[in-house]
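Worksheet: one structure, shown below.
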Amino acid sequence: MKDNRYSRQLLIPEWNQDALKKTCVLVLGVGATGSVVATNLVLSGIGKIILVDYDTIEVSNLNRQLLFREEDVGKNKAYVAKHRLESLNPDVDIIDFGEKMQNISDELKNSVDIIASCLDTFEGRRWANSLALNIRKPMVNGGMFAFMGDIQTILPYDSACFECQPLVSQEKLAQACSPLGEERKEEKNNIEKIALPSISTLSSIIGGLMSQEIIKLILGVGSLVKNYLFYDGLSNSFTELELKRTKDCPLCGEGNKLENSNFMVYEGELVKEILIRLKLIFGLIKPEIIFEGTMLKDNYVIKEKIVKNLFVIDEVLSSPLKLNLEYFEN
Ligand SMILES: [Zn+2]
């Protein structure tokens with residue numbers, strides 16, 4: 001065989017370079033694991049990669065975010081990553097998106113075949129999960145903390161999604177019951193990012209496992225981590241927790257498909273009362289209700305004759321959730 005860039009991987013009998021060439025991967029977060037995932041995919045000759053990160057590079061990123069150098073400090077991560085990756089493999093179509101992931105256009109979303117969630121916040125991962133369900137494309141998620149890491153591959157409406165497990169903590173649920181004003185004040189104070197302990201060995205391992213899941217998905221080989229795979233770097237052990245898709249998952253469960261949910265309300269109920277229930281049922285953070293193109297105020301009164309359906313927006317939903325209202329009989 002002629003020696004070329006891909007000749008070593010082409011020695012693998014199951015390898016299909018054309019399948020890679022035809023695939024577009026959306027990398028959400030180009031930090032530690034994101035750098036590793038993007039590098040592996042670009043080296044292996046993926047067709048297209050979309051790098052999403054609105055953050056700028058900081059000195060404290062340089063211990064693990066392999067794509068960045070000291071002179072990049074202050075520049076946008078997606079932008080720098082694109083240019084560095086292009087020098088690794090000019091065959092790959094690389095798009096940098098240096099804005100918040102919530103601003104990704106529908107056109108860009110629709111070009112995606114697989115999502116790599118390399119995010120470091122819980123809310124961000126939940127948003128990514130809802131995007132995967134919305135566009136019905138597989139997502140590989142990875143996380144890490146000091147010497148520990150985890151990965152999970154989500155096949156929408158087939159394997160367990162992020163919300164199939166009780167992900168909303170009891171504290172958050174209790175918080176949702178507090179008066180709205182109080183809670184919003186508190187949330188504002190919590191916005192500052194918490195620095196998590198992280199090292200490059202762990203991001204290489206977790207990012208490596210994630211990239212491998214993506215390649216397996218593309219090639220259709222091996223078995224995927226549909227469960228939650230936990231890695232403990234201190235004992236070098238892998239633990240798999242079984243995850244089951246649940247019937248009553250607020251996002252992917254039966255009758256709760258993201259795009260269209262039935263929702264029970266009382267005649268004359270106030271929007272602020274519905275918002276509290278939405279938080280509890282869907283685990284939303286700061287939901288807002290839209291009716292006929294207008295955001296409803298807290299004191300708006302819901303009446304059966306007027307309101308048949310509503311749209312809900314929230315930071316963990318990748319697109320508005322449509323609620324078909326059903327009224328309790330008085
Ligand atoms: Zn689910």
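Structure notes:
- Of the residues making up region 114-132, not one is surrounded by fewer than 19 Cβ atoms within 10 Å (Cβ to Cβ) and at pLDDT 95 or above.
- For region 230-276, the tally of residues that are part of a loop (DSSP other than H, G, I, E, B) and either modelled with pLDDT under 90 or not assigned by TED's automatic domain parsing to the domain that holds M144 (or both) stands at 22.
- Residue count for region 26-67 satisfying the condition of being over 25 Å from K137 (Cα atoms) and in a strand (DSSP E or B): 1.
- Enumeration of residues in region 216-229 that are assigned to a loop (DSSP other than H, G, I, E, B), hydrophobic (A, V, I, L, M, F, W, C) and under 18 Å from M139 (Cβ atoms): L224, V225
- Residue in region 260-276 that is without any contact (Cβ under 8 Å) to a residue 40 or more places away in the chain, of a type outside the set (D, E, K, R), more than 16 Å from the ligand (Cβ to nearest atom) and surrounded by 17 or more Cβ atoms within 10 Å (Cβ to Cβ) present: yes
- K226 out of contact with any Pro (no Cβ under 8 Å at 6 or more places or on another chain), within 16 Å of the ligand (Cβ to nearest atom) and among the basic types (K, R): yes
- Within the set K322, K279, K297, the sole residue that is more than 28 Å from M148 (Cβ to Cβ), of a type in the set (D, E, K, R), part of a strand (DSSP E or B) and not assigned by TED's automatic domain parsing to the domain that holds G143 turns out to be K322.
- Within region 133-165, considering residues that are more than 10 Å from the ligand (Cβ to nearest atom) and under 21 Å from V312 (Cα atoms), the one modelled with the lowest pLDDT: N134
The values are calculated or read from the model by the stated rules, or taken from the named source; none is laboratory data. The model shown is predicted, which means the values in this text are computed figures rather than measured ones. Ideal geometry is used to build each Cβ from the backbone, glycine not excepted, and the neighbour counts take in all protein chains shown.
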